[in-house]
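Single-structure report; data block below.
The values are calculated or read from the model by the stated rules, or taken from the named source; none is laboratory data. A quick note: this is a predicted structure, and the numbers were derived from the prediction, not measured. Heads up, the Cβs are rebuilt from the backbone with ideal geometry, glycines too, and the neighbour counts pull from every protein chain shown.
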Amino acid sequence: MQLQTYPDIDALQGQSFDPRLQPTMRALAQLSPANQELAMNLIRQLAEREGINVALSPAMGLQVPAEGIDIWVAKLQIERYSPRTIKRYRWAVERYLEQDPFPTSMSIREYLARRLKEVSPALTSFERKALKSLFDFLHEEGLWNTNPVNGIKPIPVSFRERRLPSEEAVQKLLQAKHYRKQDTAKFRLLVALLLDTGLRVSEAAGILKKDIDIENLEIRVIGKGDKERVVPISPVTVGLIGEYLTAFDRQDSPYLFPTVSRTGYWDYTGIEKMMSRTCKRLGIEHITPHQLRHFFATYALKDGAKLEVISRILGHASVGITADIYRHVGREEIHLEHRRHGPLSQMLALLPEGRT
């Protein structure tokens, strides 16, 4: 059967077809964008059953949404999204658009519902965020006249208690030696930084030497959303930085951890590989760089640090995020205080025999 291809609705109105369809086409053109989208999706499904390819594209400047990925990625780069986040965003939207070149709200909902059965809610939520970011951009820039992600609510993700490495494993990681002295010093400094500051690994890897204030024991970092914050460091970390720069500083690079790469500094993949190999060689549990961030926060909060202060150090958008992620720390304190000060705990002797 020969396939027939039609352009979008506006173009269809100017073509000659069965006169009986003219009132329907006029009504279709006057529908709201959301109802137009539903009608177009239904027509496409019916046509496909009969072997007809109907290219009902709602494009304004693009033939398909996938054509806008490169300029969307450029926008993310300008907004200082981390290379890792951009890579994952791109993977998520390309994976989806390969399956559904002309997405609708209905098809995206069906996709997300299916993904919830296949992967974790956290990953499904991330994929929705990626699609929303793409279509928000395309719609706002006038490149695509519908936003199929509009109205699709965020997917609830419950923050589970973070698995923390043991103190013994962390100590072994700090004491690890590598074949080259430079690698030993670099790795030890990175681990110490993550434990001392709770920095995201991308923030620590990209530290500029000029942003290290030795005198005031501070480091200036650029975090998510291009937000700047100042993070305190301990004298121990300052000492490691001094030793490392004295022995291995590369004068031709502005970075604390320079490498010969596209970014010019140690990237996440390189750090993760070195961390994984080191753990395996030491015979300890696998520790990720991000777990050291959680180790810092959990340790500090258990030791009595104020939640608001830790939230600022971590660079969270709100104290609520910190409280949600580390609520297990607060829960432990609640149980401890209850055991210490609950009235019944002090009155056990008054209970009838056999009830204790």
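How many residues does region 244-279 contain that are more than 22 Å from the chain's Cα centre (by Cα) and of a type in the set (Gly, Ala, Ser)?
The qualifying residues number 4.
Only one of VAL221, VAL236 is touching a residue at least 60 places away in the same chain (Cβ under 8 Å) and either acidic (Asp, Glu) or closer than 18 Å to LEU189 by Cα (or both). Can you tell me which?
Of the residues listed, the single one that is touching a residue at least 60 places away in the same chain (Cβ under 8 Å) and either acidic (Asp, Glu) or closer than 18 Å to LEU189 by Cα (or both) is VAL221.
Could you check, for region 176-186, whether at least one of its residues is surrounded by 17 or more Cβ atoms within 10 Å (Cβ to Cβ), assigned to a helix (DSSP H, G or I) and at pLDDT 90 or above? Walk me through how you get there before you give the answer.
So the first thing to find is which residues in region 176-186 are surrounded by 17 or more Cβ atoms within 10 Å (Cβ to Cβ), and the list is 176, 185-186.
Now narrow it down to the ones that are assigned to a helix (DSSP H, G or I): 185-186.
Restricting the remaining residues to those that are at pLDDT 90 or above gives 185-186.
Yes: region 176-186 contains one or more residues that are surrounded by 17 or more Cβ atoms within 10 Å (Cβ to Cβ), assigned to a helix (DSSP H, G or I) and at pLDDT 90 or above.
Give the residue that is farthest from ASP267 (Cα to Cα), with candidates limited to residues of region 193-211 that are of a type in the set (A, V, I, L, M, F, W, C) and buried (at least 20 other Cβ atoms within 10 Å of the Cβ).
LEU195
Go through region 80-94 residue by residue and tally those that are outside any helix (DSSP H, G or I) and either crowded, with 17+ Cβ neighbours inside 10 Å or of a type in the set (Asp, Glu) (or both).
Total satisfying the criteria: 2.
Would you check if LEU138 is under 20 Å from the mean Cα position of the chain (by Cα) and aliphatic (A, V, I, L, M)?
So LEU138 does not fit the description; no.
Kindly list the number of the only condition in (1) free of Cβ contacts under 8 Å to residues at least 40 places away in the same chain; (2) more than 28 Å from the chain's Cα centre (by Cα) that fails for ASP211.
(2)
For region 114-128, give me each residue that is free of Cβ contacts under 8 Å to residues at least 12 places away in the same chain and closer than 16 Å to ARG88 by Cα.
VAL119, SER120, LEU123
Quick one: in region 102-113, of everything that is farther than 22 Å from LYS87 by Cβ and free of Cβ contacts under 8 Å to residues at least 40 places away in the same chain, which residue is farthest from the chain's Cα centre (by Cα)?
Once the filter is applied, the top-ranked residue is GLU110.
From the set of residues in region 98-119 that are under 29 Å from ARG200 (Cβ atoms) and surrounded by 12 or more Cβ atoms within 10 Å (Cβ to Cβ), which is modelled with the lowest pLDDT?
VAL119
Looking at region 200-251 only, could you name the residues that are in a helix (DSSP H, G or I) and under 19 Å from HIS294 (Cβ atoms)?
The first filter runs over region 200-251 and keeps only residues in a helix (DSSP H, G or I), leaving 201-205, 209-211, 224-226, 235-248.
VAL201, SER202, GLU203, ALA204, ALA205, LYS224, THR237 - these are the residues of region 200-251 that are in a helix (DSSP H, G or I) and under 19 Å from HIS294 (Cβ atoms).
Among the residues of region 254-268, write down those that are in contact (Cβ under 8 Å) with a residue 24 or more places away in the chain and surrounded by fewer than 16 Cβ atoms within 10 Å (Cβ to Cβ).
PRO254, THR263
Go through LEU131, LEU123, LEU97, LEU112 for me and flag whichever is within 27 Å of HIS328 (Cβ to Cβ) and either in a helix (DSSP H, G or I) or in contact with a strand residue (DSSP E or B) (Cβ under 6 Å, 6 or more places away or on another chain) (or both).
From the options LEU131, LEU123, LEU97, LEU112, the qualifying one is LEU123.
Pick from region 134-156 the residues that are assigned to a helix (DSSP H, G or I) and of a type in the set (Phe, Trp, Tyr): which of them is surrounded by the most Cβ atoms within 10 Å (Cβ to Cβ)?
Per the criteria, the residue is PHE135.
Do you know which residues across region 275-326 are among the hydrophobic types (A, V, I, L, M, F, W, C), touching a Pro at 6+ places or on another chain (Cβ under 7 Å) and assigned to a loop (DSSP other than H, G, I, E, B)?
Of everything in region 275-326, just one residue is among the hydrophobic types (A, V, I, L, M, F, W, C), touching a Pro at 6+ places or on another chain (Cβ under 7 Å) and assigned to a loop (DSSP other than H, G, I, E, B), namely ILE287.
Quick check on region 155-203: of everything there that is without any contact (Cβ under 8 Å) to a residue 60 or more places away in the chain and among the small types (Gly, Ala, Ser), which residue is farthest from ILE321 (Cα to Cα)?
That would be ALA192.
Tally up the residues in region 311-320 that are at pLDDT below 90 and either among the hydrophobic types (A, V, I, L, M, F, W, C) or more than 14 Å from PHE296 (Cβ to Cβ) (or both), please.
4
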